[in-house]
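The structure appears below as structure tokens.
The values are calculated or read from the model by the stated rules, or taken from the named source; none is laboratory data. Fair warning: this is a prediction, and the values are worked out from it, not measured in the lab. Here the Cβ is made from the backbone with ideal geometry for all residues, glycine too, and neighbour counts use every protein chain on show. To get the accessible areas, we keep the full protein, side chains included, count just its heavy atoms, and leave off ligands, DNA and RNA. Shrake-Rupley method; radii C 1.70, N 1.55, O 1.52, S 1.80 Å.
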Amino acid sequence: MYAFAYQKPATVAEAVKLLSADPEAKALAGGMTYIPVLKQRLARPSAVVDLSGLGLAGIGVSGGVVTIGAMTTHAAVAASAEVRRAIPALAALAGGIGDNEVRHRGTIGGSLANDDPTADYPAAVLALGATLRTDRRTIAADGYFQGMFTTALEPGEIITAVAFPVPEKAGYAKFPNPASRYAMVGVFVARGPQGVRVAVTGAGQGGVFRHTAMEKALEKSWSADALAGVATPAEGLNADLHGSAEYRAHLVGVMARRALAAAG
Amino acid sequence: MTKFGLAQPVRRVEDPRLLKGAGRYTDDIVLPGMLHGVVVRSPHAAARITAIDTAAAVAVAGVVAVFTGADLAAAGVDPLYSAVPMTNRDGSAGANPPHPALAQGFVRHVGDPVAFVVAETLAAARDGAEAVAVSYQQMPAITDPARAMDEGAAQVWADAPHNLAFDWEVGDRAATEALFARAHHVTRLTVINNRVVASSIETRGAVAAYDAAAGRWTLWANTQGGWLVKESLAAAFRTEQASFRIVTPDVGGAFGMKIFPYPEHVCLAFAARAVGRPVKWLAERAESFLSDTHGRDNVTLGELAVDGDGRFLALRTRNIANMGAYLSTYAPFIPTFAGTIVLASVYGFRSVYANVLGVFTHTVPVDAYRGAGRPESNYLVERLVDQAARDLGIDRVELRRRNMVAPSAMPWQTPVGGRYDSGEFVRVLDAAAAKMDWSAFRARRALSARHGLRRGIGLAYYLEATGGSNSERAEIVFAEDGFVDVYVGTQSSGQGHETAYVQLTADRLGIPGEQIRIHQGDTDRIPVGGGTGGARSLYSEGQAILLTARSVIDKGRQAASEALEAAAADIVFEAGRFTIAGTDRGIDILSLAATQRARRARGEEATLLDAAEVAAIDAHTYPNGCHMAEVEVDPETGVVQLLRYIVVDDVGRAINPLIVRGQVQGGVAQGFGQAVREQAVYDPDSGQLLSGSFMDYALPRADDLPDIEVELLEIPCTTNPLGVKGAGEAGAVGSPPAVMNAILDALAEAGVADLDMPATPEKVWKAIAAAEATSL
């Protein structure tokens, strides 16, 4: 770790100001990715702006929308009775992120701002058609993810909450990397106010993406049979020592079926 | 039954200390004025170093010194060498290239040490390391052992043509060929024994201090016995062994990997002397992947000749063993002497011939890893036997039973140098089959099939030959505070030695276990020791403790005869008391020792009970047993789930069944890891280690494993008075073939006939897909 200044602002406005004033400053949410990055000297920020004092944690449900504060931990989402009732697939997804320690430190806002292509939350956000609230605007999920580790956030912009419309049905299934247990392939299927949406994380070279062929098939018939004829091309998918693009393409189909089964 | 009685499941006395954070590990050593060292490592697999500029590094605030290979050479520090020079089949000498602590003009694997930066703080040392400018001229690299001998392959050493380190053989080749010539059937199989990383929880590390006045070093290091490190450092520094004191604190896992002297030990000793202050280095996890010796990495062709009655005639193997870029201390020994001695396993082969080709590649050096050669041989044999059973249409259990050496044949001399003292292989096999309910498997398979899963059952009968130093020392001292101190020459890295040695000492001397302390790991206090490795500790140190205890009792008898005014011949020792035979007059051993010590303190004549003895370890042991695994394979994803795992083990007498079970369970988990998860993967072009962190190197996890059921059939070893056989490695020897045979059984109906470790999801899925494509 290189030396850096540590700041812990008390308000969102103050945090935005600190981050905007210094392009080398970096925001810290749960730190489950960023702390290891710092420890390995892969980043050299001038300052780390700790967002834990901004009061951004908390969960609320009203008007068919589940709103989760950006600094809410995965463990809190997983354990929330409200989330489990409204969107059980989202609670289950949060409960399957990382390990127990990670789930008690890692946050939904941190995960989405980092946009790791193998993270779980992007699949839920995209498939449920969630809206990200920031210090200055709201961003629809479809416009938010712009490639791996790349989002629509402007420099200094801070996610404050994520709003999930409650779906009729939703399910998530992931195939974990045997070593890291990040998603090698994770598929979230949902049917709700925004129609049928299928999002795939872990597999794509460009990060999370919508599987439109599956969406069309499921719109016609919400059934495993409908998915049977849908092929997933290997082109554009990741390949590494754990799995070729072809294997990942195959797993997208398997995980989609399992997500569908979980959704009921 | 006493609390520390033999054969009791005594809970480990070291655990409260280790589990509550009171253990003292190498990183807990903090000395006044201590500096921190960081190693600059090669980013390339093969390169010529054209320049090293340390000026900027030296200028970094807090940096005290930067050393390179030139500094070591100028000071006359020699490289490390393998301790096992090899002789080729043709009688010529095998290669034994130097292993410099810091590169001398060339780097030969990613992670090869190039410079050593010493600074006031770890952060400053890291800054300094980043400022060392090394110019490399990259060269082509070779990492795959199967391709290393190819024409045109990149060369690791100029004087080792075709990257051949040695070409070694054992067994009667002519007799073996003759048996193959008249075989009814020959089963052939090429297996890959995948390269693994030991991954001890505690990474390697050491602290060196130099006493200029005495001209003496102290090195605190996590070793498996400091004496080998002492010997090697003395050789490198061209000095006497007495110039080094090696202290080994608590060690957090080792698995063979911490046996060896390493370049960092040399760097630390050199730096401590050069700067006149103690220096510490502790490997980061990424460094462990790039600098701890790796394990296994063999490509082996095995051939099994069978007669018309399904009896094994002969075994022939040709093994290409990856040595890595340098020959680590025992590296050549592992696939040769250590590995081939168990090739005949528990079967009555008439002849065995093995050819082992050690090859250099641009990879981290390979050396002993839990089992060291024996798991590789057992894996080959047990895969071959299963394949032969399929080829011949004979039941797997029956084929093994038919070929096992009978108890009446003991001691059994094998064609490859083994001499088994004891063993009831059929009895153990049958006990395992009964425990597993092997015969009812078909119904369980049908149950899985209903859920779309393929269920398989597999077994492996393993035989291990434990080994290591042929002598061991113990010293028993009756301390002033009333405790009994036992000094041992082995080195625990978590096995539970303290408990077992307490049990033995308590049993022999009749002393309460709570009053016995075990000491290890200081080469000044303990002049000789064989260290721990090859599952040797209990039977080796155990014999030393027995011998020393006998010496204590002899002295005690003498002292008691004086104290009780009786003839020494009339003194009997029982349950911790010396008494005059036929009377109730006596004195207990602790009182006697205290009395004698007090007399000595007063300047009076006394017979102290303290004793030290070195026991000759004339024979090693042959633990063996049957592993059975039941797995479910998800054909959609290729995921293998281990449903049940049982072991019926003959590790001789169990001094502490609780510790034995724990050892076997840990070994099984490691073997399962090798079979299904772990693989050190090198990029064939760049020579980069792709699986260089736990993000990509998949260790087994607790939720991968069911309860591992271990049953002990205690068939006493006849070559040591304790009747014990070494149990430390056994689990890791039996589990890879048991798991793979179960997976192959699960996939047999899908048409998959062969699969190499690790059986990763993608590999399994592809094997099923390929078999389906063939059958269409």
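Just a few scattered comments:
- Full-extension gain in nm, B:ALA773 to B:ALA213, via 0.36 nm per residue minus C-alpha separation: 194.1 nm
- Put a dot 7 Å past the Cα of B:LEU122, heading toward its Cβ, do the same for B:ALA575, and the two dots end up 5.4 nm apart.
- Set of lysines with alpha-carbon distance to A:LYS169 below 19 Å, sequence-local pairs under 8 removed: A:LYS216, A:LYS220
- With the convex hull of its Cα atoms as the shape, chain B has an orientation-averaged projected area of 36.7 nm².
- Candidates A:GLY207, A:GLY69, A:GLY58: whichever shows maximal mean-square fluctuation once chain A is modelled as a Gaussian network with Cα springs under 10 Å: A:GLY58
- Modelled FRET efficiency - R0 45 Å, B:ARG390 with B:ASP618, Cβ distances, 0.05 increments: 0.60
- Space enclosed by the convex hull of the alpha-carbon atoms of the protein assembly as shown, per residue, Å³: 201
- Computed P(r) (all Cα pairs; the range B:458-534; 10 Å bins; percent): 17, 43, 27, 9, 4, 0
- Applying a threshold of 25 Å to the alpha-carbon distances of B:LYS435/B:LYS766; A:LYS8/B:LYS280; B:LYS230/B:LYS258 flags B:LYS435/B:LYS766; A:LYS8/B:LYS280 as lying beyond it.
- For B:GLU240, the solvent-accessible surface with a 1.4 Å probe is about 130 Å², rounded to the nearest 10.
- Alpha-carbon centroid distance for the pair the range A:228-260 / the range A:134-211, whole angstrom: 17
- Distance distribution note for the range B:214-284: the fraction of Cα pairs above 16 angstrom is 44%.
- FRET efficiency for the A:GLU235 to A:PHE4 pair, using the beta carbon distance and R₀ = 60 Å, is estimated at 0.90.
- Accessible surface comparison of B:ARG442, B:ARG273, probe 1.4 Å, protein chains only, largest first: the order is B:ARG442, B:ARG273.
- Interface area, chains A and B: about 1900 Å² of buried accessible surface, summed, with a 1.4 Å probe and ligands, DNA and RNA left out.
- Over the C-alpha trace of the range B:399-558, radius of gyration and Dmax come out as 22.8, 76 angstrom.
- Note on B:GLN688 and B:ALA286: the model spin-label points, each 7 Å out from Cα along the C-beta direction, lie 1.2 nm apart.
- Per-residue SASA entry for B:ASP610, accessible area with 1.4 Å probe, Å² rounded to 10: 50
- With helices as the sole contributors, chain B gives -9000 deg cm²/dmol at 222 nm; each DSSP H run of n ≥ 4 counts as -39500 (n - 2.57), and the sum is divided by every residue.
- Inter-part distance, the range B:538-571 to the range B:27-105, computed on C-alpha centroids, equals 50 Å.
- Among the chymotrypsin sites (Phe, Trp or Tyr not before Pro) within the range A:110-218, those in coil by DSSP and having at most 15 neighbouring Cβ atoms inside 10 Å are A:PHE149.
- Across all Cα pairs in the range B:9-69, the calculated P(r) in 10 Å bins from zero up to the longest distance comes to 14, 28, 22, 18, 13, 5, 0 percent per bin.
- Calculated FRET value between A:LYS220 and A:LYS169, using beta carbons and R₀ = 22 Å, to 0.05: 0.90
- Cα shape, the range B:532-651, gyration tensor, a/c 1.5 rule: prolate
- Estimated distance in nm for a label pair at B:HIS451 and B:GLU749, the labels positioned 7 Å out from Cα along Cα-to-Cβ: 1.5
- Here chain A has an Rg and Dmax of 18.1, 57 Å, counting Cα atoms alone.
- Going by accessible surface with a 1.4 Å probe and the largest first, A:ASP225, B:ASP53, B:ASP756 read A:ASP225, B:ASP53, B:ASP756.
- Per residue, the convex hull spanned by the alpha carbons of the range A:5-50 comes to 63 Å³.
- Relative to one another, the C-alpha centroids of the range A:1-37 and the range B:252-311 are positioned 41 Å apart.
- Overall, the anisotropy analysis places the range B:614-759 in the prolate class: the square-rooted eigenvalues a ≥ b ≥ c of its C-alpha gyration tensor yield a/c not less than 1.5, with a/b exceeding b/c.
- The ellipsoid that matches the Cα gyration tensor of the range A:48-94 has semi-axes, each √(5λ) in whole angstrom, of 21, 12, 7, with the longest given first.
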